1. Please report the antiparallel percentage of DSSP beta bridges with both residues in the range 125-270, rounded to the nearest 5.
2. Take the solvent-accessible surface of the protein heavy atoms, probe 1.4 Å, and return the percent of it on the range 1-123 that carbon and sulfur atoms account for.
3. Please report, in Å, the Rg and the Dmax of the chain, where both are computed over Cα atoms only.
4. With respect to the cross-link table entries K193/K262; K289/K316; K2/K316; K130/K295; K93/K262; K55/K203, which display a Cα-Cα separation exceeding 20 Å?
5. Using Cα-Cα distances under 8 Å and only pairs 6 or more residues apart, what relative contact order does the range 94-243 have, in percent?
6. Taking the Cα centre as origin and putting +1 on Lys and Arg beta-carbons and -1 on Asp and Glu beta-carbons, what dipole magnitude results for the range 127-274, to the nearest 20 debye?
7. How many Å² of accessible area per residue for the chain, probe 1.4 Å?
8. How big is the dipole moment of the range 281-320 about its Cα centre under a simple scheme where the beta carbon of each Lys and Arg is +1, that of each Asp and Glu is -1, and everything else is neutral? Debye, nearest 20, please.
Amino acid sequence: MKTITAQELKDTARNILTSAAVADREAALVADHLTEANLRGRDSHGISRLVGLMKGLANGAIHAETNVTILQETPAMALIDANHSIGQIVALKAMALAIEKAKKVGIGIVSMRNASHIGFLGYYAEEAAKQGTIGIVFTNTEPAMSASGGAEPVLGTNPICIGIPAKRDPMIVDMATSVVARGKIMEHERNGKPIPKGWAIDKDGSDTEDPSAALAGALLPIAGPKGYCLAFAFDLLSGALAGAAVGTDVKGTAHADEVCTKGDLFLAIDPALFNGLQDFQGRVERLEKQVKTSKKASGVSEILLPGDPELMTREKRLREGIPINEALWQQLMEMRG
C-alpha cells in the first residue's frame, strides 16, 4: 500500500477526468467526492471507482457532458432523467432540487434514472444536513446479494443513507442492506486478503473466505430475512419509482462497460416547517447524550454515534495520508499520462 495525501488524490482524479473532456468544475466535484470517500474509510467507493468511470466515458456508457431532463414535477416532487451523465454530478443536482422543494413545502422527493454509479451516499445526505434539512438517499445496484435462503445473487446491496442536521457535525447513517458492500469484497480481492466468514457465499451456497469466490457467488443480507426484505423494498423505491430497472435487470453499477440502468431516490425534509429546526436539533442532542452516557459493555471505552467512525478515520487520514493499493495507484498514474 502507498500513502497519498488527500490533496494529491484529489488533484490526480481531477486531472484524469479533465483529460476525458469532463468540464473542470464538474471534474473537481467528482474528485472531491471520491477523495471524501477514501478519507472516511469508504475505500470501495473512493478513487478505485475512477477506473470504471473512465471506462464508461471511453466506451460511451457514461457521457462527459451533464444533461438532466425533468420529466415530471410538482411543488414537492420531481422525476428526472440523467441521460447517462456522471452519477456524482447529477446526484448533487437531484439532492439540491429536493432541498429546494423541502425549504418551500416541507418535503422534497426527487426520483432519478439513467445516472451512472453515484458513489457513497453520505456525500449527498450530508449536503442536505448542512443546509438544515434531513437528507435521505436510496439507490439500487446490480444483483450481488442472495434472497434469504437463496444461493444466487438476485438483489443489489441497495443501500440507504440518512443525514441528520445536528448541532455538531451532521449525523450520517450510511449502510448497505448486505453485510458489507460489494466494493469492500472487491477491495479485499485487489489486496489479496481473505474476507471474514458471514460476508458472502460461493456459487454453491457455501460460506466462503475467498473474495473471488464471493464475487462469483453472492453477498449475504444483514440480519438474514430482515436485510433481504429491506433490500427488496429499497429496490422498488429506487428503481421502480424512477421507471428504472430492478433486481436482475439492473446493470452498469459494478461493470462500467454496460449502460447503467438503476434508479436513485433523494428526499429532503425541513424540520423548520414542522416543529422548528432548533427544537429538532435539541431533541437530537438529547438522544446523543442519552446514548453517549449509557452504561458501557465490558471492555468498551466509548460508545460512538452514527457516523463517528468515519469522522475519526477522516481526521486520521488527513493527518497521516490515505492508504492506496500500489497497483491501483500505478494504474491511475498511467491514466493521467
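1. Of the beta bridges lying entirely in the range 125-270, close to 95 percent run antiparallel.
2. Carbon and sulfur atoms account for 50 percent of the accessible area of the range 1-123.
3. Looking at the chain, its Cα Rg and Dmax stand at 19.6, 55 Å.
4. K193/K262; K289/K316; K130/K295; K55/K203
5. Relative contact order comes out at 22 percent.
6. Charge dipole of the range 127-274: 460 debye, to the nearest 20.
7. 45 Å²
8. Around 120 debye, computed over the range 281-320.
The values are calculated or read from the model by the stated rules, or taken from the named source; none is laboratory data. Predicted model, so just to flag it, every value in this text is computed and none were measured. Reconstructed Cβ throughout: ideal geometry from the backbone, glycine too, with neighbour counts over all protein chains shown. When the accessible area is computed, the model is the full protein with side chains, heavy atoms only, and any ligands, DNA or RNA have been set aside. Shrake-Rupley method; radii C 1.70, N 1.55, O 1.52, S 1.80 Å.
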